[in-house]
Amino acid sequence: MGDIMNRVLSQEEIDDVFRNLRETPEADDPAKRAEPYDFRRPDRIAKDQLRAIHQLHETFARSLASSLSAYLRAYVAVNLVSVEQISFMEFLQCLPSPSCLVSLAMTPYEGSAVLEMNPTLVFPVLEMLLGGTAKSLMKINREITEIEQSVLDGLFPITLNDLKSAWRTVTPMDFNIESYEAEPQLLRILAPNEAVVAVAMEVKIGDNAGMMNIGIPSIVVKMLRHKLDQQWSVRRTESTEAEQSRILHLIRNSRLLIDSRLAGPTLRVDELMDLKEGDVLAFDYPVGRLMELNVNGLLKYRGRVVAAEGKRGFLIEELHRP
C-alpha cells in the first residue's frame, strides 16, 4: 500500500491525463450541464405566477387611472412598467430619498407590503388637490409636511380600494395603512435579504410623470401560488366578448377560397393513362345527394348548385359538424 501511495507519475502519464481532459466532449462535461443557483434567493417564484401578478396589476392600473381622473378632475394615465422578484434591500435601493412610503397590512395574511410614491408624483397631486393645474414641470425634492400628509389622506383610500379590487380575483385581501415613512432605509418591515415582488408603475398627470412602486413579500405570493396558477389557467382558456370582437375585426378583411366539387370515385394511374376520347366516366353521384362546399380546402357546408341572377350560386342547406 505504501508503494502505491509513494509512486510518482511519469511525464508521459501526466500528459495522457491532460490529453484525455481536453478530448472530453462538451456534452459529457458536468460543468457544462451545471445551472447557476443564487443562494441569496432560494424562494424564486415561477414565471407563470409572475405573469398572473402582471395581469392582475394591469387591471389595477386601468382602474386606478379611472379613479384618479375622477378624483383629481384631470386626465391621468397609469402604465405598468415591470413586475420582478428582488430582495427587499434592492427594492429600497431603487427608491428615491426622500420619498412617500406607506407600510400596508395584508389582512388576513401575515406580513406587510410597501406602497411608495415618488416626489415627482406626490407634489403635482398636492397642487391639484389645492386648486392648481399642475401643468408646469415640478422638481421638488423634500419630505412632505404633516399638513401635506393630511391632504394626501384622501388619495390613499382610493388607491388601496382599487388594489383590493384587483386582488379580489385571486383572493379576498384588505390593505390597511400601518405607518408612514420618508426615508427608504428606515423602513424595517422585512429582512434585507427577504424576497419581494416589486411592481413598478408610471403615473402621468399633465406634463408631470412619476413612479409608484409596490413591494409584496414573496412569502405571501408563494402561499397563494395555487390560486395564482388557477387564475392564470382561467385567463389562458377563457376569452371575453371584447377579445372575440377584436380578433373578428382583425380578420374581417381576410380573403378565403371557396369551392364546391362533385366527390366521385377514384382511379388508378394506369386507368387514367388508358383513357381516350369517347370513354364515359360514371361519377356515381346521386342527384338527391347534397354537394360539399370547402373553405380553404376544409369542408364547412353542404348544399346545392342554383341559378342566381344569371350566374351559378351555391345554396347552403346545412353546416358540416365534424
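Being within 15 Å of Glu317 (Cα to Cα) and surrounded by 11 or more Cβ atoms within 10 Å (Cβ to Cβ) is the filter; apply it to the stretch 285-294 and report the residue that is modelled with the lowest pLDDT.
Per the stated criteria, the residue is Arg289.
Kindly establish whether Gly297 is surrounded by 10 or more Cβ atoms within 10 Å (Cβ to Cβ) and in contact with an Asp or Glu (Cβ under 9 Å, 6 or more places away or on another chain). First the steps, then the outcome.
Values: surrounded by 10 or more Cβ atoms within 10 Å (Cβ to Cβ): no; in contact with an Asp or Glu (Cβ under 9 Å, 6 or more places away or on another chain): yes.
Spelling it out, it is not the case that Gly297 is surrounded by 10 or more Cβ atoms within 10 Å (Cβ to Cβ) and in contact with an Asp or Glu (Cβ under 9 Å, 6 or more places away or on another chain).
Take the residues in the stretch 103-127 that are of a type in the set (A, V, I, L, M, F, W, C), surrounded by 22 or more Cβ atoms within 10 Å (Cβ to Cβ) and modelled with pLDDT of 90 or more; name whichever of them is nearest to Val151 (Cα to Cα).
Met117
Do we find that Ile53 is under 27 Å from Arg225 (Cβ atoms), assigned to a helix (DSSP H, G or I), touching a strand residue (DSSP E or B) at 6+ places or on another chain (Cβ under 6 Å) and modelled with pLDDT under 90 in this structure? Working first, answer last.
Numbers: under 27 Å from Arg225 (Cβ atoms): yes; assigned to a helix (DSSP H, G or I): yes; touching a strand residue (DSSP E or B) at 6+ places or on another chain (Cβ under 6 Å): yes; modelled with pLDDT under 90: yes.
Against the criterion (under 27 Å from Arg225 (Cβ atoms), assigned to a helix (DSSP H, G or I), touching a strand residue (DSSP E or B) at 6+ places or on another chain (Cβ under 6 Å) and modelled with pLDDT under 90), Ile53 qualifies.
Assess whether Arg312 counts as being exposed (fewer than 11 other Cβ atoms within 10 Å of the Cβ) and of a type in the set (Lys, Arg).
Judged against the criteria, Arg312 is a match.
Under the condition of being at pLDDT 85 or above and not hydrophobic (A, V, I, L, M, F, W, C), which residue from the stretch 297-311 is nearest to the chain's Cα centre (by Cα)?
Among them, the one singled out is Lys300.
Counting just the residues of the stretch 239-261 that are outside any loop (DSSP other than H, G, I, E, B) and touching a strand residue (DSSP E or B) at 6+ places or on another chain (Cβ under 8 Å), which one comes out farthest from Glu292 (Cα to Cα)?
Selected residue: Ile258.
Which residues, counting only those in the stretch 111-132, are free of Cβ contacts under 8 Å to residues at least 12 places away in the same chain and not in a helix (DSSP H, G or I)?
Once the filter is applied, which keeps residues that are free of Cβ contacts under 8 Å to residues at least 12 places away in the same chain and not in a helix (DSSP H, G or I), the stretch 111-132 yields Gly131, Gly132.
The values are calculated or read from the model by the stated rules, or taken from the named source; none is laboratory data. Keep in mind that this is a model prediction, so the values were computed, not measured. Counting neighbours? That spans all protein chains shown, and the Cβs are built from the backbone with ideal geometry, glycine included.
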